[in-house]
Amino acid sequence: MVCVWWRSLFLLFTLHSSLFTISAQSKLDSLQHVREIVVVSKPAMREVVPSQKLNGEMLEKLNTHSVADALRYFSGIQLKDYGGVGGIKTVNIRSMGTHHLGISYDGIQLGNAQNGQIDLGQFSLDNVEEITLYNGQKSAIFQPASDFGHAGAIYIRTRMPDFEQDEQTHLKVKTQYGSSDMFRFSTLWEQKLSETLSSSVSAGFLTASGKYKFRYERRYPNGETAWDTTAVRQNGDIHAERIEANLFGRLYQGSWQVKGYLYNSARGIPGAIVNNVWRRGERQQDLNTFVQAAFDKNVGDGFSTRWLAKYAYYNTHYVNKDTTQLPVDNRYKQQEIYLSTANVLELLPNWSASLSYDFKWNKLNADTYNFAFPTRVSNLVSLATAVDYKHLKAQGSILASFINDKTHRRGEFAGMDTDKSLTKLTPALFVNIYPFRGTFFSLRAYVKKSFRMPTFNDLYYTDHGNANLVPESALQYDAGFALNKHFEHGIIRHAEMHFDAYYNTVHDKIVAYPKGQQFRWTMLNLGKVHIKGIDVEAEADCSVGCGVTATLRAQYTYQDARDVTDPNDSYYKHQIPYIPWHSGSAILGLNYKNWDLNYSFIYAGERYDEQENILYNHMEPWYTSDLSLRYQFLLRHTKCIVQADVNNVLDQDYEVIVNYPMPGRNYALTLSVEI
């Protein structure tokens with residue numbers, strides 16, 4: 001794996017250097033300067049429902065290192081973190097589950113047909129310009145058809161080179177050392193190749209032992225202590241490399257981008273602390289690669305088109321050498337081909353319509369016994385319209401999904417193949433009203449229907465899957481308001497607040513259910529969940545005086561997510577596992593000259609780790625406080641940044657997932673140099 005990565009690194013840097021040499025011969029570099037062109041179809045790109053955003057400046061100041069770390073500060077999000085630097089990190093939106101959340105990287109969705117989960121810990125923030133969260137969907141009709149199909153969406157936008165008139169090269173080097181023997185190194189090289197062409201190469205390296213002390217405490221239902229000990233987390237090491245190369249082009253009324261991405265990692269899976277077992281023998285290697293391209297073009301003032309293409313290959317090697325279990329050594333290989341076109345036409349100055357089409361092809365191979373070798377072909381067509389007239393913004397859409405699954409069994413199981421097709425229609429309606437002049441106050445609401453397909457593991461996992469599963473369906477209702485105000489004088493210069501109340505239902509929820517034999521499970525459509533919630537987000541920019549500025553950001557989420565599957569169940573109308581009733585976060589940033597001090601606070605209230613809300617399954621609330629201090633200075637015209645981080649300042653013992661202890665107080669020191 002490492003050899004593959006080094007070969008890829010060498011080829012990408014060779015390509016980058018060659019393009020640099022060619023561009024140096026261009027006379028245009030020193031003769032003229034072209035303003036940046038932004039492709040915007042005026043009514044089509046306006047958001048009906050505002051989003052939650054964290055930009056590059058805020059991401060740098062916070063002690064966050066991966067996309068998963070940053071998402072903790074969004075309302076309505078629950079992060080599943082299995083602990084440590086290399087622990088798997090996935091997100092859940094408004095209690096509907098990880099699979100209902102779409103994640104896009106520079107406008108093209110990340111996919112995992114095998115288990116439907118994206119490990120957001122593998123995406124570094126070193127090259128990220130902005131992270132945006134939309135509930136429902138991105139409320140703009142100029143987007144791929146698949147973007148209309150999720151209950152929520154996260155958009156990760158990487159940094160695009162921006163050069164001054166006399167600049168040709170940007171170089172950024174960042175190194176970090178911290179607890180658990182963690183060492184990170186990353187570099188970003190941006191090059192201006194011509195007035196209409198630029199490139200960037202971002203590469204990173206991470207290694208850590210994953211060892212940290214934790215306290216393991218368990219009590220019997222009567223309150224007596226069952227376990228209370230301090231130990232060191234084992235088998236949580238990680239060794240990972242990442243490289244990403246981009247080519248950016250500008251056209252008349254248009255732009256294009258080509259991206260290549262490679263992530264290679266080898267990590268231990270520490271496992272749960274149960275039955276006095278402190279160390280596991282599970283290991284996993286991942287080689288994730290994809291190449292994608294995007295093309296945007298305006299034709300006159302009334303028509304815009306976007307074309308996307310992607311090929312992805314994921315190779316996972318899982319090994320379990322635990323002597324207490326049967327040995328496992330399996331490889332899983334995924335492939336994906338994705339093609340998309342989105343087109344929007346301005347019918348009238350305040351009315352536009354779009355038509356989008358997506359094609360997806362997914363295939364999974366494995367070397368397990370009696371494997372199904374599934375293939376999935378998806379054709380998605382969306383039709384949408386948007387109106388922006390005086391005090392009203394509205395958007396309606398309908399998505400038609402045509403999905404076909406086939407299996408290709410081999411050897412003694414040949415002839416047992418299946419071929420199933422599915423057609424689904426999912427509509428959505430978004431409305432935003434501005435009752436007063438200006439935009440300081442707005443009312444919004446939406447209703448949306450969506451679904452998620454069973455994953456390949458749900459359907460075809462040996463002795464576990466169920467080929468007769470139907471998709472989970474979700475219905476969302478949301479109503480809220482927003483306040484946004486700028487002030488010319490006073491301490492507060494800008495204040496913003498968002499409030500949303502929502503009601504979601506999930507039907508045919510896919511759950512694991514025992515088949516009758518011990519340790520034998522299958523997947524069934526048994527679940528039905530009703531979700532009521534409130535999201536509140538507020539932020540303010542302040543000028544304190546004496547050159548000190550302050551930024552405050554806070555969010556609060558209330559969620560009541562009840563299992564209403566069967567009145568005869570002992571857990572009927574109980575809160576579903578791992579969903580706290582109350583959660584929230586707060587960020588306070590202070591800036592004085594070249595100094596930045598940031599404090600962040602995250603809270604998760606009481607919850608349960610099993611379906612039954614009984615004392616034995618109860619999980620205590622937890623909260624963490626993190627501090628970071630950053631200093632910027634110039635050294636011979638070179639920008640340098642030194643940052644010290646202290647995470648979990650109060651050294652709280654807590655678990656996000658039961659029996660997966662999180663690190664206590666930990667530290668990191670970062671040095672960044674920009675040329």
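The values are calculated or read from the model by the stated rules, or taken from the named source; none is laboratory data. The shown structure was predicted, so the numbers you read here are calculated from the model rather than taken from an experiment. Backbone-built Cβ (ideal geometry, glycine too); neighbour counts: all protein chains shown. Ligands, DNA and RNA are stripped out before the accessible areas are found, and what is left, the full protein with its side chains, is counted by its heavy atoms. Shrake-Rupley method; radii C 1.70, N 1.55, O 1.52, S 1.80 Å.
Structure data summary
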| read-out | value |
| --- | --- |
| Where GluC sites (Glu not before Pro) fall in DSSP loop in the stretch 268-354, at most 11 other Cβ within 10 Å | none |
| The stretch 388-410 versus the stretch 441-508: alpha-carbon centroid distance in Å | 15 |
| Calculated on alpha-carbon atoms, Rg and Dmax of the stretch 102-183 in Å | 16.7, 49 |
| Ratio Rg/Rh [Cα only; Rh per Kirkwood] for the stretch 166-221 | 1.39 |
| J(HN,Hα) series, the stretch 320-334, from Karplus relation 6.51 cos²θ - 1.76 cosθ + 1.60, nearest Hz, glycine and proline x | 10, 9, 5, 5, 8, 10, 5, x, 10, 8, 10, 10, 10, 10, 10 |
| Partner aspartates and glutamates for LYS213 [C-alpha distance under 12 Å; skip if fewer than 8 residues away on the same chain] | ASP651, ASP653 |
| Where N is the number of residues in the stretch 205-309, Cα Rg divided by 2.2 N^0.38 Å | 1.91 |
| Fully extended contour minus Cα-Cα distance, from ASN276 to ASN330, at 0.36 nm per residue | 16.7 nm |
| Burial ranking of peptide ranges 113-126, 469-482 (average Cβ count within 10 Å, highest at the top) | 113-126, 469-482 |
| Alpha-carbon centroid distance for the pair the stretch 171-205 / the stretch 549-574, whole angstrom | 39 |
| Whole-angstrom gap from the stretch 640-663 to the stretch 66-93, using each part's C-alpha centre | 13 |
| Residue-averaged 222 nm ellipticity for the chain, from DSSP H runs of 4+ at -39500 (n - 2.57), nearest 500 | -1500 deg cm²/dmol |
| Coil-residue trypsin sites (Lys or Arg not before Pro) of the stretch 407-508, DSSP, other Cβ within 10 Å capped at 14 | ARG410, ARG437 |
| Tensor-based shape of the stretch 41-194 (alpha-carbon gyration tensor, a/c under 1.5 rounded, otherwise prolate or oblate) | oblate |
| Peptides ranked, highest mean first, by Cβ atoms within 10 Å: ranges 199-205, 387-393 | 199-205, 387-393 |
| Surface per residue (accessible, 1.4 Å probe) for the stretch 526-620, Å² | 49 |
| Relative counts (whole %) of C-alpha pair distances in the stretch 360-479, using bins that are 10 Å wide | 11, 31, 22, 16, 12, 6, 2, 0 |
| At q = 0.26 Å⁻¹, base-10 log of I(q)/I(0) for the stretch 238-287 (Debye sum, equal scatterers on each alpha carbon) | -0.94 |
| FRET efficiency, 1/(1 + (r/R0)^6) with R0 22 Å, evaluated for ASP301 and THR196 via beta carbons | 0.50 |
| The chain, accessible surface, carbon-and-sulfur percent (1.4 angstrom probe) | 59 |
| Peptide ranges 80-93, 633-646 listed from the most packed, as the mean C-beta count within 10 angstrom indicates | 80-93, 633-646 |
| Gyration tensor (alpha-carbon) shape descriptor, the chain, a/c threshold 1.5 | rounded |
| Calculated from backbone phi, Karplus (6.51, -1.76, 1.60) coupling profile of the stretch 68-79 in Hz, x at Gly/Pro | 4, 4, 5, 5, 4, 9, 9, 6, x, 9, 10, 9 |
| Karplus-derived 3J(HN,Hα), 6.51/-1.76/1.60, for each residue of the stretch 389-398, Hz, glycine and proline x | 9, 6, 8, 10, 10, 9, 9, x, 8, 9 |
| For the stretch 261-398: rounded, prolate or oblate by the Cα gyration tensor [a/c cutoff 1.5] | prolate |
| Of GLN191, GLN652, VAL431, farthest towards positive along the dipole that unit charges on Lys, Arg, Asp, Glu beta carbons give the chain | GLN191 |
| Gyration tensor over alpha-carbon atoms, the stretch 559-659, equivalent ellipsoid semi-axes in Å | 44, 13, 10 |
| For the stretch 115-263, radius of gyration divided by Kirkwood radius, i.e. Rg to Rh on alpha-carbons | 1.13 |
| Å² per residue, accessible surface of the stretch 302-451 at 1.4 Å | 51 |
| Length gained when the stretch ALA644-THR423 is fully extended (0.36 nm per residue, less Cα-Cα span) | 74.2 nm |
| Considering only the stretch 54-176, percent of DSSP beta bridges that pair antiparallel, nearest 5 | 75 |
| Flagged links, alpha-carbon separation over 28 Å, of LYS80/LYS138; LYS393/LYS532; LYS138/LYS259; LYS259/LYS448; LYS53/LYS393 | LYS259/LYS448 |
